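The values are calculated or read from the model by the stated rules, or taken from the named source; none is laboratory data. Note that this is a predicted model, so its numbers are computed, not measured. All Cβ positions, even for glycine, are placed from backbone atoms using ideal geometry, and neighbour counts span all protein chains on display. For accessibility, only protein heavy atoms count, side chains too; no ligands or nucleic acids. Shrake-Rupley method; radii C 1.70, N 1.55, O 1.52, S 1.80 Å.
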Amino acid sequence: MSSETSVAPVAPEPAPSTGRSGGVQSVARAARLLSAVVDSPTGATLTELAKTTGLNVSTVHRLLGTLTAEGLMCRSPESERFLPGPVLLRLGRRSLSSSGLPDVTAVLKELADLTGETASVGMCRGESVLTLMSVQCEQPLRYLGEPGRAVPLGASAMGLAITAFDPAPQHGLRAGTPPDTEDAQAAARAAWSAEVELLAARFRGYTVFEESDGSGLRGVAAPVQSGSAYIRLAVDIQGPSSRMTDDRLPQLGAAVTAAAESLRGLPVALALGQL
């Protein structure tokens, strides 16, 4: 009888399943959905995502439910379109924290010091703009900044800058359908006024927005070119209109535009511009 111990060969660990019931396939499909949403400038509907990814609607619906529940996606209450969720945004910020965010803070700090007003950078999310970072000025009376706050595109200087300078065509009033009521006429005048303001903003390179809530705040913003086919980012300053007077607007606009140009080539701007 041999004294050597017989050792049975160890079977190799089976490869991860990629079949219909395999978890790896579910992860791959979820990644395709995330990429499709991130690449869409205004988010995407369930039907659009099914078409883009080649997955059937029931599979997309199931995966979207999980991704939304986990915070990787969210759904716009206005348009029902799916957008990058808060967890996905936090992951992006975390991965860039050592290679870009300090530079963005430095640009905002320089802008705040130069203009004497609070400086912020924001990102387009569907029909809203989300404030990502703010650096407060040193004035006793100042705008505090609200990182994490989302407002409609038409309700902030940053939102107007994203709208005005986005290469997507701007839709105005339809010709041949003149308004026939006072309310329609008022809406038509407001639409034309907004279009004229956007045209003026493109000419001068920055937007100006007056808060209508009685706060007396005024904002000046410029778009950030970030490598995307669309304008996704903007930088602004906000402060009391008593300081941000009309005669200072060219100077303030030039400062904001220069800050937007400084942000243009930073890794964080290039990455966030793709979200």
*Computed accessible area, residue 209, all protein chains, 1.4 angstrom probe, square angstrom*: 40
*asked:* If R₀ is 35 angstrom, what is the calculated FRET efficiency for the pair residue 28 and residue 105, using the beta carbon separation as r and rounding to 0.05?
replied: 0.45
_If I compute solvent accessible area with a 1.4 Å probe over the protein chains, what percent of it on region 22-81 is carbon and sulfur?_
57
_Keeping all protein chains in the complex and leaving out DNA, RNA and ligands, what accessible area do you get for residue 166 with a 1.4 Å probe, in Å² to the nearest 10?_
30
